[in-house]
1. With the crude spin-label approximation of a point 7 Å out along Cα→Cβ, what separation in nm comes out for Ala27 versus Glu41?
2. What order, most packed first, do the peptides 27-39, 49-61 have when packing is the mean number of other Cβ atoms within 10 Å of each residue?
3. In the structure displayed, which of Lys30/Lys113; Lys85/Lys152; Lys24/Lys152; Lys85/Lys113; Lys113/Lys152 lie more than 19 Å apart, Cα to Cα?
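Every number here is computed from the coordinates shown, using simple stated rules; none is lab data. Values in this document were obtained by computation on a predicted structure and should not be read as measured data. Don't worry about glycine lacking a Cβ; one is built from the backbone with ideal geometry, like all the others, and counts go over all protein chains shown.
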Amino acid sequence: MVQVSVRVPRIGPAPCGIKNIELKDGAFGKPLAELSPSALENMRCALIDHLERIVLYTVNTPLAEGEAYKKIFRNASFLGITHLKLCLCTVDEGKNLAALSEPLRMAEAYGIKLVFEPGGKYAFFDEAMYASVRTPDTGIIFNPYRYVCEHKNPFLQVLY
């Protein structure tokens, strides 16, 4: 029996040694909604080859762009992304939660969890607002570094 060794060139990022990855929109060179099918396939293969997965991807696309969100959820599902953090930039000081209805529906359909980060420039997104959009497919996350800089404890001073 002859054994042949073929070296397959690696496409995508170098292995980082971290199995669960958090990325921001544009980490692949373009926003998630704008990636080509071949770029998605290359990224998916690289993640599989290195046994890595994207557990949190921050989406900066305004919520009003419904067609973009269809692509975002489709691409996120293809890459196996488990959580999407949505930008609250188009939610008008808590008065326009209707913009979240379509992403909430898509999250349920694709089995992807949506997370929101209260505080900072989105301080209006508080417990009452979260209660109005809370589903089994949503959650709240905290950026611990930001709270350290502000000398606050997110669990004692914000969450409660």
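1. With each label point 7 Å from Cα toward Cβ, the separation is 2.3 nm.
2. Going from most to least packed, we get 49-61, 27-39.
3. Working: Lys30/Lys113 22 Å; Lys85/Lys152 22 Å; Lys24/Lys152 25 Å; Lys85/Lys113 9 Å; Lys113/Lys152 27 Å.
Exceeds cut-off: Lys30/Lys113; Lys85/Lys152; Lys24/Lys152; Lys113/Lys152.
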